[in-house]
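The values are calculated or read from the model by the stated rules, or taken from the named source; none is laboratory data. Just so it is clear, the model here is predicted, and its values are computed rather than measured. Neighbour counts run over all protein chains shown; Cβ positions are idealised from the backbone, glycine included. Protein only, heavy atoms only, side chains kept; ligands, DNA and RNA dropped before computing areas. Shrake-Rupley method; radii C 1.70, N 1.55, O 1.52, S 1.80 Å.
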Amino acid sequence: MPIRRFYYIERHPHYQRTEELSLMRELEIQPEAWAPFAEGLKGMFAEPVLQEIAQKHYKTPAQVILRWNVQQGVIVIPKSVHKERMEENLAIWDFSLDDEDMAKIAALDKECPSMLDTRKISEVRRVYDYLNNPVLTSL
């Protein structure tokens, strides 16, 4: 089926949004992971499971996260201004995560956003008037 539209969602190993992804596939919506690394918040890069999987494949936790998204059909465009990280982010095509890796990452889901929790009224109020209140995340 052709994709009709794209939709940006906060998605990373701590906030996997499995049900939303299923619905998007059903509605022919292509998801793109916004904040795929959660800006490193809440120990994303120090996550022992991601470090273990990264070591197994001779990769970094960031590369594991990118590959995990790609293998699930989620577009991911990581932002970086550092040449080394850009090169690292591109080096995800020479390995695949197996079912065991994917299951371990699935177990990391906390079902809660790290960047912006719009379920909290205080967060919505904080970002509603962005020009007067430039804070973006719930750090």
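At a 1.4 Å probe, what is the % contribution of carbon and sulfur to the accessible area of the chain?
Details: 5010 of 8880 Å².
Whole-percent figure for carbon plus sulfur exposure: 56.
Loop sites only, by DSSP: take the trypsin sites (Lys or Arg not before Pro) in the chain that have at most 14 other C-beta atoms within 10 Å and name the longest stretch containing none of them.
Working: sites that count: ARG4, LYS79, LYS110, ARG119, LYS120.
The longest uninterrupted stretch comes out as 5-78.
Along the range 26-41, what does the Karplus equation 6.51 cos²θ - 1.76 cosθ + 1.60 (θ = phi - 60°) give for ³J(HN,Hα), rounded to whole Hz, x for Gly and Pro?
4, 8, 6, 9, 8, x, 10, 6, 9, 6, x, 9, 6, 6, x, 5
With each label point set 7 Å from Cα along the Cα-Cβ vector, what nm distance links THR18 and TRP93?
Here the answer is 3.1 nm between the modelled labels.
When the chain is modelled as a GNM with alpha-carbon springs shorter than 10 Å, which of ASP94, ASP109, ASP117 fluctuates the most?
Maximum fluctuation in the GNM of the chain, among the listed residues, is at ASP94.
Let me know the shape class of the range 30-78, please: from the alpha-carbon gyration tensor, a ≥ b ≥ c as square roots of the eigenvalues, rounded when a/c is under 1.5, otherwise prolate if a/b is greater than b/c, or oblate. Intermediate values should be presented prior to the final figure.
Numbers: a/c = 2.65, a/b = 1.38, b/c = 1.93.
Oblate shape, in that a/c is at least 1.5 and b/c is the bigger or equal ratio.
Per residue, how much accessible area does the range 13-139 show when a 1.4 Å probe rolls over the protein heavy atoms, in square angstrom?
Details: 7810 Å² over 127 residues.
Averaged over the residues of the range 13-139, the accessible area is 62 Å².
If you average the sequence gap of Cα pairs under 8 Å that are 6 or more apart and divide by the length of the range 1-124, what percent do you get for the contact order? Intermediate results must be reported in sequence, preceding the final value.
Details: 149 pairs, mean separation 38.9, N = 124.
Relative contact order here is 31 percent.
Using 0.36 nm per residue, how much length does the chain from ASN132 to TYR7 gain when fully extended, once their Cα-Cα distance is taken away? Write down the numbers at each step before the final one.
Numbers: separation 125, 0.36 × 125 = 45.00 nm, distance 2.65 nm.
Stretched fully, the ASN132-TYR7 segment lengthens by 42.3 nm.
Stick to Cα atoms and the Kirkwood definition of Rh, then tell me Rg/Rh for the range 40-109. Intermediate values should be presented prior to the final figure.
Details: Rg = 11.6 Å, Rh = 12.4 Å.
Here Rg/Rh amounts to 0.93.
If each Cα of the range 1-50 is one equal point scatterer, what is log10 of I(q)/I(0) from the Debye formula at q = 0.25, 0.30 Å⁻¹?
Those come out to -0.89, -1.09, one per q.
Which one of HIS14, SER96, ASN132 is farthest out on the positive end of the charge dipole of the chain, using unit charges on Cβ (Lys, Arg +1; Asp, Glu -1) and the Cα centre as origin?
ASN132
Using Cα-only point scatterers and the Debye equation, what is log10 of I(q)/I(0) for the range 1-128 at each q in 0.10, 0.20, 0.23 Å⁻¹, rounded to two decimals?
At q = 0.10, 0.20, 0.23 Å⁻¹ the computed log10 ratios are -0.33, -1.23, -1.48.
With charges only on Cβ, +1 for K and R and -1 for D and E, what is the dipole size of the chain about its Cα centre, in debye, rounded to 20? Intermediate results must be reported in sequence, preceding the final value.
Values: 18 positive and 22 negative charges, 90 e Å.
Computed charge dipole of the chain: roughly 440 debye.
So, R0 is 25 Å and r is the distance between the beta-carbons of GLU84 and CYS112; what FRET efficiency does that work out to, to 0.05?
It comes out at approximately 0.20.
Suppose the chain between MET102 and LYS120 were pulled fully straight at 0.36 nm per residue; how much longer would it get relative to their current alpha carbon spacing?
On the way: separation 18, 0.36 × 18 = 6.48 nm, distance 2.99 nm.
Going from the current span to full extension adds 3.5 nm.
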